[in-house]
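What follows draws every value from the coordinates through simple rules; no lab data is involved. Note that the coordinates shown come from a computational prediction; the quantities given were computed from them, not determined experimentally. Here Cβ is always computed from backbone atoms with ideal geometry, including for glycine, and neighbour counts include all displayed protein chains.
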Amino acid sequence: MPAELDLRWLPSPEPLERALAAADALAPGQAVQVLTPRLPLPLFEALRERGLHARAFVLPGGGARVLIRRPHDDVPARD
């Protein structure tokens, strides 16, 4: 099961920044789940630009659960 980060209570733009940091740290084939305060449309665009896959599920109490996965054949981004 992927690691999970609950980012729902952080002020903007921290949820986006932390989700991207977690995504950038993924090794090929790894995944992480992030809980966000709303459906994170800017996150999806940033992940797509990095070649990562994401699926979102709206939570009944508000916010979203986003599963982020780095493909097996990808190399993680490094600074």
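Mean residue ellipticity at 222 nm from the helices of the chain, using -39,500 (n - 2.57) per DSSP H segment of n ≥ 4 over the full residue count, to the nearest 500 deg cm²/dmol? Walk me through the numbers on the way to the answer.
Numbers: 2 runs with 20 residues, N = 79.
Counting only the DSSP helices, I get -7500 deg cm²/dmol.
Using a 7 Å offset from the Cα along the Cα-to-Cβ direction at both Glu49 and Leu67, what is the distance between the two label points in nm, to one decimal?
2.6 nm
When a/c is below 1.5 the answer is rounded, else prolate if a/b is larger than b/c, else oblate, so apply that to the chain with a ≥ b ≥ c taken from the square roots of the Cα gyration tensor eigenvalues.
Values: a/c = 1.90, a/b = 1.60, b/c = 1.18.
In terms of gyration-tensor shape, prolate.
Nearest 10 degrees is fine. How inclined is helix 14-24 to the longest principal axis of the chain, computing both from alpha carbons?
20 degrees
Would you mind computing, in nm to one decimal, how far apart the modelled labels at Leu39 and Asp24 are, each placed 7 Å from Cα along Cα→Cβ?
Each label point is offset 7 Å from its Cα along the Cβ direction, giving 2.7 nm.
Would you mind calculating the relative contact order of the chain from Cα pairs under 8 angstrom and at least 6 residues apart, reporting the percent as a whole number?
Working: 142 pairs, mean separation 27.6, N = 79.
Value for the chain: 35 percent.
Considering only the chain, what is the antiparallel percent among its DSSP beta bridges, to the nearest 5? Don't skip to the answer; put the middle values down first.
Details: 12 of 16 bridges.
About 75 percent, rounded to the nearest 5.
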